[in-house]
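Worksheet for the structure shown next.
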Amino acid sequence: MSDTAVKTKYALEIEDLQLAYLVRGIPREVLRGVNLHVRPGEAYGLVGESGCGKSTTAYAALRYLPSNGRITGGRILVGGDDVTKMSDKELRLFRAHQASMVYQDPGGALNPTVKIGRQVVEAFTVLGHDRRDSEQEALDALRRVRIADPTRVMQRFPHQLSGGMQQRVVIAMALACNPQLLVLDEPTTGLDATVEAEVLDLVRALRHETDAAILLIAHNLGVIRSMCDRVGVMYAGKLVEEGDAVEVFEQPKHPYTIGLLECLPRHGVRKTQRALYTIPGTLPQIGTPLPTCVFVDRCALADETCRTVVPPVVDVNENSPANRHISRCHHIDRLNQMPEPPEAEVEAVLEGKIVIQMNDLSKTFRQHGNDVPALVGIQLGLGDGETVGLVGESGSGKTTLAKAMLGIYEPDAGSEIKLDEHLLAGKAANRPPEDMRAMQMVFQNPDSALNRTWTVRRILKRTVKKLTGITGEAADTRLETLADALRLSPRHLDMRPRQLSGGLKQRVAIARAFAGDPRVVVCDEPTSALDVSVQAAILNLLSDLQSSESTSYLFISHDLGVVRYLADRIVVMYLGRLQEEGTTDQIFNGPHHPYTEALLSAVPSVDGEPSERIRLSGEIPSPANPPSGCVFHTRCHRFMEGLCDVEEPPVVEIEMGHRIRCHLATTGELAAEPVVAV
Amino acid sequence: MQVPPPDADGAAAAVEVDAAVAAGDDVIGEAGPITGLAYDMRGERRQAARERRRLLLRRPGFIIGVLIILTWIVCGVGGDKITPSDPLVPNDTSSLSPRAGHLMGTDQLGRDVLSRVMAGARDVLIVAPLAATLSVIAGAFLGLLMGYYRGWVDEILSRLVEVLLSIPVILMALLITATLGSSKIVVIGTVAVLFTPIVTRTVRAAVLSEAQLDYVTSARLRGEKGLFVMTREILPNITPTILVEYTVRIGYAVFTVATLSFLGAGIQPPSPDWGLAVSDTYALIPAGQWWPTLFPALAIASVVVATNLVADSIEAALAA
């Protein structure tokens, strides 16, 4: 084995890996022969829908498998050593010295009761280092991940650090053993775009300092593109395409990759131009026999050959062996015949009649005897059939605004919410049924939004009854119309939420929101828990529903691409205050509020990097103690001392409908270039 | 989502699996083949129920617990019809050590200990489950109110619960029975009152986390009343928690009833109740007569252990 260790030029080699989970005693195939090779210092990205086997592959590389996971064939070599053949002791040593893993949730990866210092020191002492050396090494490790004041950070407990800082600490610990293989499993998924950008910058910088092979899993294709040298596209436990990251994303050669990329709202496409592409069907269950092409059931190009003959592995760059780009497809020459998504039938809505008008909306929470102003003087109107996108980091008050509007939180005295010119009661419970049915909400997480002990039918029927007062057979008819509009088939109606896939659950949640013909629906990140293909279907559905029902949306999202696709107008919030407001084009084309500029430039895009990157330092301040003057001045890259920290900036309407709260707006010195191409 | 059970492979591996589960990624797909052409939904649900039963029946703890409890139920129902001799009437020489004919010996009055242990199951098997049932009903009601309404309702009831919990159980029980006399009804009521705060706390915690979920918000957004949200929306979702708590409470109720009888504040002579028997005979242990005390004591222990085994198994099966 030491022989191969010398000869191999790869840090990680996975060869024909087959893996099955035992479910009720029956082995079900999860990985159907995965081949991938990562060189030292190379970053390799794995993409694919949930359930395609990408995490399983990554966990298998460290042989972290659930007790019912069985490697049924193939081998995994890390630095030439076969991980599948190691004894328990060898495996433990291997995991301690040669491989590390960084998980999605840094809060969960750190022990909440132990100070950061001890945890980082421990990462070195387990390697057998001397206690005193370890302390010095821990300090260096934290410095290495760009933590400015490591001595102080070491004295803290994990909960006293922000998500971004926590993830840095976790990365520092992962790098402690100077691993040959570093597996990053959705390392930035729970983080804000601004924090994500910070963490990604760090990983990028660290790559040049170590020669670890990096295996990165992310559902965000933009993250993969900006981080990885090569990328593998996985479907049903098989790599269907693999090659240079830029090349794969620019010139995809497999129908599945093309589908994934087309699902994303890109190149500034809007709902008024065309519907989003969707991949029909869903991923096959694990264990389903797929003798020929794994993607055949969902492929638009599939023909008889695909069903009967195993597709060949085609190297698109045959002539340059150094730059392999493979695809498992019979029809690489027919890829241009992939169907185009339909033209949109959605009309742009402009100057609609105002449905909801919020005037001077404020919400102050009481916390431990202190006043925490979460919303301050919000002035916002929603037109008939209009979509207003609401963006900002977490903690900026987006959800609070939505919930105050809905009456889930009672706004402060003096706030005014008008529906069709009549004043609404502050609390939802005090609103009459017709006001209640006018405003509904679609939540971020459908698992939490649907009662898991109720059937879909009961959920919808109850809502129809409460909101419209229709009962009996009429309610059943209404229920069927509703289910039909949401493309839920009758058999779904008698299921309980856990029997439905994520996309179907979200459809039920949307159906519920539309049960009473609402005027306004709040969508709170409705697609952030979903795969891109499902996201596209949901976005199409939302935009169809809107044009047929002429409903207004208040659409909260941190995905600027999605907001750009769907929104007619965009509102940018920071610390409970509106910072910028304008039509989608105005917001994306500039001039920008400095905060908007930073938000836009933080987004990793599948279409390459923005020309200029603005990094927000630090994190959003506590609303209990907002900064003086302009609340954004503590993080602003265009901060002007003596003005911004003293005087609150006025709201300036720089063009029709485009309002900015910034001192620069008064002088016309705002950045005017479009920042990003989402 | 059906997740491969991450047990057995050591804590580290379990953590990894959890991380994968938390990532919502890849572990294993949906519970049912939604894509499938023919999809037998009822079959699916039946299968889930069967699966849970199978999980339960595979646990030796569950089988043992149920067998012990069934044995005592048979004894309690059968009463003096199935005991070898009359548990209340002295019918042989007193204080015989265990031997053929008197497998557990006889007590100081010459009554067969085995017969008394068997017949003693009856009172405790009526009193303990009833007390536990009452406490779970009251506790669930209070817990729902506190967890759902929070605010001052929670504040006041929480203080009340704390007051009740801070009084020593035995003192409280003796106070009540001394005031109201010691009939079975009073014993049931006493144990129920003692256990209600404990159940309340468990239910409240479950409701608090459940009420955070968006379906509750959604119910409010369609104008549901509090009572509906509590009983129809939240209650079904916390039923597993309540069920486990209920089983545990039955075990403790057996124990508490026995303690009360032992102190003379519970079931009264000449009942062959176990606690009472222990209390009547423990003074004889120094004289070498251990059998009239030991066997009833073991009987109490067996019921407590058995209900706990069952509770643990149910909990594990529901978590899987």
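Values quoted throughout were computed directly from the atomic coordinates according to the rules given, and no laboratory measurement underlies them. Bear in mind that the values here come from a model prediction, so they are computed numbers and not experimental data. Here Cβ is always computed from backbone atoms with ideal geometry, including for glycine, and neighbour counts include all displayed protein chains.
Does a label point 7 Å from the Cα of A:D303, set along Cα-to-beta-carbon, have any residues of the stretch A:233-266 with amide nitrogen under 16 Å, and which are they? The answer is A:255. Once you reduce the stretch A:252-278 and the stretch A:81-113 to the center of their Cα atoms, the two points are 37 Å from each other. Put a plus charge on the Cβ of each Lys and Arg, a minus charge on the Cβ of each Asp and Glu, and nothing anywhere else: the dipole of the stretch A:125-237 about its Cα centre is then about 80 debye. Packing, as the average of other Cβ atoms within 10 Å across residues, places the peptides B:290-297, A:647-654 in the order B:290-297, A:647-654, highest first. Note on A:R152 and A:R457: the extension gain reaches 104.3 nm, defined as 0.36 nm multiplied by sequence separation minus the Cα-Cα distance. Net charge of the neighbourhood of B:I198, taken over other residues with C-beta under 12 Å away and scored Lys/Arg +1, Asp/Glu -1, is +1.
Of the residues A:R328, A:R366, the one with the fewest other Cβ atoms within 10 Å heads the list, and the complete ranking is A:R366, A:R328.
Taking a cut-off of 49 Å, what percent of all Cα-Cα pairs in the protein assembly as shown are separated by more than that? Result for the distance tail: 35 percent.
The alpha-carbon of A:K461 sits under 15 angstrom from the alpha-carbons of these aspartates and glutamates, leaving out residues fewer than 8 places away in its chain: A:E473, A:D476, A:E480, A:D484, A:D494, A:D517, B:E224, B:E233. Using the Cβ-Cβ distance between B:D86 and B:A205 with R0 = 41 Å, the FRET efficiency computed as 1/(1 + (r/R0)^6) comes to roughly 0.25.
In this calculation the C-beta distance from B:V163 to B:Q268 is compared with R0 = 35 Å, giving a FRET efficiency of 0.70. Ellipsoid fit via the Cα gyration tensor, the stretch A:106-176: semi-axes of 17, 12, 11 Å, each the root of five times an eigenvalue, largest first. Think of the stretch B:39-319 as having a plus end and a minus end, set by charges on the Cβ of Lys, Arg, Asp and Glu; of B:L260, B:G65, B:G275, B:G65 sits farthest toward the positive end of this dipole. Considering only alpha-carbon pairs that sit under 8 angstrom and 6 or more positions apart, the relative contact order computed for the stretch A:106-176 is 48 percent. Taking label points 7 Å from Cα along the Cα-to-Cβ direction, A:T210 and A:V23 give a separation of 3.5 nm. Taken about its Cα centre, the stretch B:39-319 carries a charge dipole of roughly 800 debye when the Cβ of each Lys and Arg holds +1 and the Cβ of each Asp and Glu holds -1. Residues A:D333, A:D412, ranked from the fewest to the most other C-beta atoms within 10 Å, line up as A:D333, A:D412.
Between the listed residues A:F632, B:V136, A:A174, the Cα displaced farthest toward the positive end of the dipole of the protein assembly as shown, a dipole computed from Cβ unit charges relative to the Cα centre, is found at B:V136. Overall shape of the stretch A:175-267 was characterised from the C-alpha gyration tensor. The equivalent ellipsoid obtained from it has semi-axes of 24, 16, 12 Å, in decreasing order. Taking all Cα-Cα distances within the stretch A:150-198, those exceeding 13 Å account for 62%.
Arranged from fewest to most other beta-carbon atoms within 10 Å of their beta carbon, A:K427, A:K353, A:K465 become A:K353, A:K427, A:K465.
For A:R168, neighbours were defined as the other residues whose beta-carbon sits under 13 Å from its Cβ, and their charges (Lys and Arg +1, Asp and Glu -1) total -1.
For A:L423, put the label point 7 Å out on the Cα→Cβ axis and report which residues of the stretch A:353-372 keep their amide N under 13 Å from it. Within reach of a label on A:L423: A:359. What is the magnitude of the charge dipole of the stretch A:106-176 about its Cα centre, with +1 placed on the Cβ of each Lys and Arg, -1 on the Cβ of each Asp and Glu, and no other charges, expressed in debye to the nearest 20? Its charge dipole is roughly 240 debye. Taken as Cα centroids, the stretch A:279-293 and the stretch B:260-320 sit 58 Å apart, rounded to the nearest whole angstrom.
Rounded to the nearest 0.05, the FRET efficiency derived from the C-beta distance between A:I354 and A:T292 at R0 = 56 Å is 0.50. Note on the stretch B:39-319: Rg/Rh from C-alpha atoms, Kirkwood Rh, equals 1.07.
In this simple spin-label approximation, A:M338 and A:R615 carry label points 7 Å from Cα along the Cα→Cβ vector, and these lie 3.4 nm apart. By the rule of a C-alpha distance below 18 Å, with chain neighbours fewer than 8 residues away ignored, the lysines paired with A:K238 are A:K54, A:K253. Loop-located GluC sites (Glu not before Pro) in the stretch A:397-477 (DSSP state other than H, G, I, E, B) with a sparse environment of at most 11 neighbouring Cβ atoms within 10 Å: A:E421. Of the residues B:I250, A:V442, B:L157, the one whose Cα sits farthest toward the positive end of the charge dipole of the protein assembly as shown, with +1 on the Cβ of Lys and Arg and -1 on the Cβ of Asp and Glu, is B:I250.
Charged neighbours of A:I279, selected by a Cβ distance under 11 Å, balance to -3 (K, R count +1; D, E count -1). Separation of the alpha carbons by more than 29 angstrom is noted, of A:K271/A:K505; A:K363/B:K225; A:K398/A:K418; A:K271/A:K363, for A:K271/A:K363. The spacing between the stretch A:128-178 and the stretch B:176-207, judged by their C-alpha centroids, is 52 Å.
Counting only DSSP beta bridges with both residues in chain A, the antiparallel share comes to about 65 percent. Note on A:N35 and A:T84: the model spin-label points, each 7 Å out from Cα along the C-beta direction, lie 1.4 nm apart. Here is the list for the stretch B:207-239: trypsin sites (Lys or Arg not before Pro) lying in DSSP coil, each with at most 13 other C-beta atoms within 10 angstrom of its C-beta, are B:K225.
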